[in-house]
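The values are calculated or read from the model by the stated rules, or taken from the named source; none is laboratory data. This structure is a prediction, so every number in the text was calculated from the model and none was measured. Every residue, glycine among them, receives a Cβ derived from its backbone with ideal geometry; neighbour counts consider all protein chains shown. Side chains are part of the model used for accessible areas, which takes the heavy atoms of the whole protein and leaves out ligands, DNA and RNA. Shrake-Rupley method; radii C 1.70, N 1.55, O 1.52, S 1.80 Å.
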Amino acid sequence: MKSRIYPTQASLDWSDKQPRSRLYDDVYFSDVDPIAESQHVFLAANDLYTRFQNCQANSTFVIGETGFGAGLNFLMARALWLENSPADTQLHFISCERYPLKLDDLRQVHNRFPTDNRLTAGIEQLQAQWPLMTPGFHRLCFDDGRVQLTLLYGDASEQLEQMSAEVDCWFLDGFAPAKNPDIWSQALFKQIARLSHPSTTLTTYTIAGVVKRGLVAEGFSVERILGFGRKMEMTLARYCGAGAGAGAVAGPNSGDLVSVKPRIQPWLSRPPTERLTGAIAIIGAGLSGACTANALARRGYKVDLYEQHSQPASEGSGNPQGALYAKLPAKPTTQSRLHQAGLLFTIQLLKRQGWNDGTTASLCGLLQLGLDEKERIRFEKMIAGGEYPPELLHRVSREEASLLAGTECNVPAIYFPNSGWVSPPRLTAKLLEHPNITVHCGHKIEHLERHHGGWDIIEAGPLYDAVIFCTAWRTDLIDPIHRLGLKPIRGQTTWGPAHNTAALKRVVCGNGYVSPPLDGQYCFGSSFIIADQSTDIRQQEHRHNLEILTESLPQLGAALSSEPLTGKAAQRAGSRDYMPLVGGLCNQKQLQLQYAALSTDARQIFEDDAPWLSGLYVNLGHGSKGLISCPLSAEIIAAQIHAEPYPVEQELVDILSPQRFTIRGLIRGE
């Protein structure tokens, strides 16, 4: 993305009956009957009552909106959806907001809504999940997944440029064009057209000429219909296709009338998919496999999950605790934005599901210690840059860190108040508690063959519509068709008794991590040895873990140094750039032949279809970041299979592409 326009917290004037934007001097909703207005302008005018009732089984309906405000239109659409749509369908609501409300202001606005029991449960869920004010996409889940809300914080046209979706209807509900002309720009109308299809409708309360001209220029037919209240007329539009407005009115700044579609290279586009009707096989029942199985099961798919060991989470996902944590740079990068999105997504998951229970997980807070001058300078730059809201992280002194931790810290720290620890095996078990998931333990898959339109992984067994590899670094079965180059990285954690120490109150990270005790035991570590596939417990690695613990927390390290220690050694999976590989897979040899021209022109744009291996996906290479990357990556794969909007920006999906190393090799002439 180009230089981004960051969201700014909304400033409200409460001197009148209705909350009013100080910036735009306009109200957030009608003072007449806001519920009736939302019903008339957006629900009825888009014929949503009938369209929701007529949704096909296991389908998705997508609504796009400009101007979320306090979410009234979303809450109304959610209530209508739950009342009228088939039970196996899903509503995706995408809404842009450049000036998000503070949570306290959101609550006050909701208190001024007219009483309507249909809105109560939605309001409670929205307030409980209200995201931090960080730019980009925020996915919120309602009603056990029946309704998904994706809030886009920032400039509407910039954010929609990163959206991958097909929108069925649009609500244009920003402040009036005379008050806020930026949100009614031609750039925005181009993105609305790009995301529309021939059955897409659009409504808005305004009949301003700039809106009509802008929509017509991008291929919409526009008519005036009866408005609401004091507004005698409003606008209804239908998308007719790119360039359909060429004989009509040109946009104010456009020399042509063709909708702009971001150039996505074929290997970064969505793999072609039809709604799958058969079962899906997932290989590997660690955290990645469990998250993927759960994401698909919640969408109605039957999942067979195969695990070679006697129980799930037996390898890298088997440590009793892990730190829920992202080491963020002073200035965000594309990679760090993905890590931050994953951290926030996992935190929301734990809260929403009630798994922040002190047994499965504890969002007790996390301290990242500044153990050297370089790290402390980074902390200062992080705070000075203003890129991270204080609710996500803030700096604390040595004394404050010690008080938070409950033990001596010799250095200042960055404090993540909403982070903490997770028990990967217990989270895995929770995720697998779904009637659509069947777990097959003690079953090593050694066969993969495509025939009769499906995948055969068990001789004389069932054919699967799709197979998803969640096998960390083991890719033997897919290496013949696409070698991914993952490497094993040995990591040994150390466990020690907590009975002779004052209990640690927060997770503490330095050159390693240590969590507050679980079941009377500390878990800390860990070692990092590339290409070591052994799992024996080594005393020198216990000593290493004690050393890095003592460096961070001298009192706790000294207390545990004389205690009997146990632990676990397993392999993490590392890719060449230490980012996961997530999504549909291409045939590597065909990919190299098809895009060989990249070796002489790295900027060449291709318009063909990539050589996808239909129904073959990977969710691999999460390394030590699985707690923040696996749940979000599972949603990305589910979005590809279920043909629904991505939960994060397209450019964040791109950096996870399993094809990226093959393409880089072509560009570099390797």
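Computed quantities for the displayed model
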quantity	calculated
Options 392, 427, 484, 463; residue that is more than 21 Å from residue 631 (Cβ to Cβ) and at pLDDT 95 or above	484
Matching entry among 475, 494, 501 (being among the β-branched types (Val, Ile, Thr) and either without any contact (Cβ under 8 Å) to a residue 12 or more places away in the chain or farther than 26 Å from residue 414 by Cα (or both))	475
Residues that are in a helix (DSSP H, G or I), surrounded by fewer than 20 Cβ atoms within 10 Å (Cβ to Cβ) and of a type in the set (Ser, Thr, Tyr), drawn from region 31-68	49, 50
The lone exception for residue 91 - which of (1) aliphatic (A, V, I, L, M); (2) open to solvent by less than 20 Å² (accessible area, probe 1.4 Å); (3) under 20 Å from residue 393 (Cα atoms) it fails	(3)
Hits in region 69-88 - residues which are open to solvent by less than 20 Å² (accessible area, probe 1.4 Å) and under 26 Å from residue 640 (Cβ atoms)	74, 77, 78, 81, 85
Filter result for residue 219 (open to solvent by less than 30 Å² (accessible area, probe 1.4 Å), at positive phi and either of a type outside the set (S, T, N, Q) or in contact with a strand residue (DSSP E or B) (Cβ under 9 Å, 6 or more places away or on another chain) (or both))	yes
Test: residue in region 365-388 that is among the polar types (S, T, N, Q), open to solvent by 40 Å² or more (accessible area, probe 1.4 Å) and either in a loop (DSSP other than H, G, I, E, B) or out of contact with any Pro (no Cβ under 7 Å at 6 or more places or on another chain) (or both)	no
Looking only at region 444-461, and only at residues there that are open to solvent by 30 Å² or more (accessible area, probe 1.4 Å) and touching a residue at least 40 places away in the same chain (Cβ under 8 Å), the one that is farthest from residue 623 (Cα to Cα)	450
Qualifying residue in region 498-513 (condition: in a loop (DSSP other than H, G, I, E, B), open to solvent by 40 Å² or more (accessible area, probe 1.4 Å) and among the polar types (S, T, N, Q))	yes
Residues of region 462-483 that turn out to be surrounded by fewer than 24 Cβ atoms within 10 Å (Cβ to Cβ) and touching a Phe, Trp or Tyr at 6+ places or on another chain (Cβ under 8 Å), as a count	6
Checking residue 637 against (1) part of a helix (DSSP H, G or I); (2) open to solvent by 20 Å² or more (accessible area, probe 1.4 Å); (3) out of contact with any Pro (no Cβ under 9 Å at 6 or more places or on another chain); (4) in contact (Cβ under 8 Å) with a residue 60 or more places away in the chain, the condition it does not meet	(2)
Restricting region 406-422 to residues that are of a type in the set (A, V, I, L, M, F, W, C) and part of a loop (DSSP other than H, G, I, E, B), the residue that is surrounded by the fewest Cβ atoms within 10 Å (Cβ to Cβ)	411
Failed item in (1) in contact with a strand residue (DSSP E or B) (Cβ under 8 Å, 6 or more places away or on another chain); (2) open to solvent by less than 30 Å² (accessible area, probe 1.4 Å); (3) assigned to a loop (DSSP other than H, G, I, E, B), with residue 579 passing the rest	(1)
Residues within region 559-568 that are open to solvent by less than 60 Å² (accessible area, probe 1.4 Å) and among the small types (Gly, Ala, Ser), tallied	2
For residue 602: the one exception among (1) closer than 18 Å to residue 335 by Cα; (2) open to solvent by less than 60 Å² (accessible area, probe 1.4 Å)	(1)
Index of the failed condition, residue 597 passing every other in (1) free of Cβ contacts under 8 Å to residues at least 60 places away in the same chain; (2) within 22 Å of residue 273 (Cβ to Cβ); (3) open to solvent by 20 Å² or more (accessible area, probe 1.4 Å)	(2)
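Each row is one residue, and each column tells you yes or no for (1) part of a loop (DSSP other than H, G, I, E, B); (2) over 26 Å from residue 14 (Cβ atoms); (3) free of Cβ contacts under 8 Å to residues at least 12 places away in the same chain.
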site: 113; (1), (2), (3): yes, no, no
site: 119; (1), (2), (3): no, no, no
site: 126; (1), (2), (3): no, no, no
site: 132; (1), (2), (3): yes, no, no
site: 138; (1), (2), (3): no, no, no
site: 150; (1), (2), (3): no, yes, no
site: 159; (1), (2), (3): no, yes, no
site: 163; (1), (2), (3): yes, yes, no
site: 168; (1), (2), (3): no, yes, no
